[in-house]
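The values are calculated or read from the model by the stated rules, or taken from the named source; none is laboratory data. Keep in mind that this is a model prediction, so the values were computed, not measured. Note that each Cβ is placed from the backbone with ideal geometry, even for glycine, and that neighbours are counted across all protein chains shown. Just so you know, the surface numbers come from the protein's heavy atoms only, side chains and all, with ligands and any DNA or RNA stripped out. Shrake-Rupley method; radii C 1.70, N 1.55, O 1.52, S 1.80 Å.
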Amino acid sequence: QVKLVESGGGLVQPGGSLRLSCTASGFTFITSAMSWYRQAPGKERELVADISAIANMSVKGRFTISRDNGKNTVYLQMNNLKPDDTAVYYCYVRRFESWGQGTQVTVSS
């Protein structure tokens with residue numbers, strides 16, 4: 001059974017940083033591309049970043065996605081956060097079309 005568990009969300013001030021984690025189980029993580037999506041209130045879910053099975057890290061502006069295959073975990077490092085980054089952040093594995101439960105990120109002073 002595919003399972004994705006996100007953690008690391010919370011309340012942060014504008015300009016701050018957070019690192020989200022997604023720990024996977026139930027499938028071969030090392031051969032699977034992984035993604036982070038987010039959904040803000042009243043908006044559609046959107047892709048934040050994705051990483052292939054063979055990459056270690058990918059930078060998408062203020063966000064960096066990385067993976068540790070030894071821990072079956074994908075990370076999302078978010079820097080210089082803005083209020084518009086407020087959303088529920090989800091981990092996703094396209095190969096199995098499976099989502100995590102999401103973790104709330106709130107950027108506010």
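Can we say SER7 is touching a Lys or Arg at 6+ places or on another chain (Cβ under 6 Å), open to solvent by 30 Å² or more (accessible area, probe 1.4 Å) and among the hydroxyl-bearing types (Ser, Thr, Tyr)? It is false that SER7 is touching a Lys or Arg at 6+ places or on another chain (Cβ under 6 Å), open to solvent by 30 Å² or more (accessible area, probe 1.4 Å) and among the hydroxyl-bearing types (Ser, Thr, Tyr).
Results for (1) buried (at least 20 other Cβ atoms within 10 Å of the Cβ); (2) under 11 Å from the mean Cα position of the chain (by Cα), shown as yes or no for each residue.
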| site | (1), (2) |
| --- | --- |
| PHE29 | yes, no |
| SER35 | no, yes |
| SER52 | no, no |
| LYS60 | no, no |
| GLN77 | no, yes |
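Counting residues in the range 99-106 that are over 16 Å from GLY10 (Cβ atoms) and open to solvent by 30 Å² or more (accessible area, probe 1.4 Å) gives one or more. Does any residue of the range 86-107 turn out to be part of a helix (DSSP H, G or I) and out of contact with any strand residue (DSSP E or B) (no Cβ under 8 Å at 6 or more places or on another chain)? Within the range 86-107 (the criterion being part of a helix (DSSP H, G or I) and out of contact with any strand residue (DSSP E or B) (no Cβ under 8 Å at 6 or more places or on another chain)), the answer is yes, since at least one residue qualifies.
Sort out which residues of the range 41-67 are of a type outside the set (Ser, Thr, Tyr) and modelled with pLDDT under 90, and write them in order of number. Selection gives ALA53, ILE54, ALA55, ASN56, MET57, VAL59, LYS60, GLY61. Checking each residue in the range 89-98 for being open to solvent by 90 Å² or more (accessible area, probe 1.4 Å) and either in contact with a Lys or Arg (Cβ under 9 Å, 6 or more places away or on another chain) or within 16 Å of ILE51 (Cβ to Cβ) (or both) picks out ARG94, ARG95. Got at least one residue in the range 98-108 being of a type in the set (Ser, Thr, Tyr), in contact (Cβ under 8 Å) with a residue 12 or more places away in the chain and farther than 17 Å from VAL5 by Cβ? There is at least one residue in the range 98-108 that is of a type in the set (Ser, Thr, Tyr), in contact (Cβ under 8 Å) with a residue 12 or more places away in the chain and farther than 17 Å from VAL5 by Cβ.
Residue-by-condition table, conditions (1) touching a Phe, Trp or Tyr at 6+ places or on another chain (Cβ under 7 Å); (2) of a type outside the set (Asp, Glu):
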site: GLY8; (1), (2): no, yes
site: PHE27; (1), (2): yes, yes
site: THR31; (1), (2): no, yes
site: ASP50; (1), (2): no, no
site: SER66; (1), (2): yes, yes
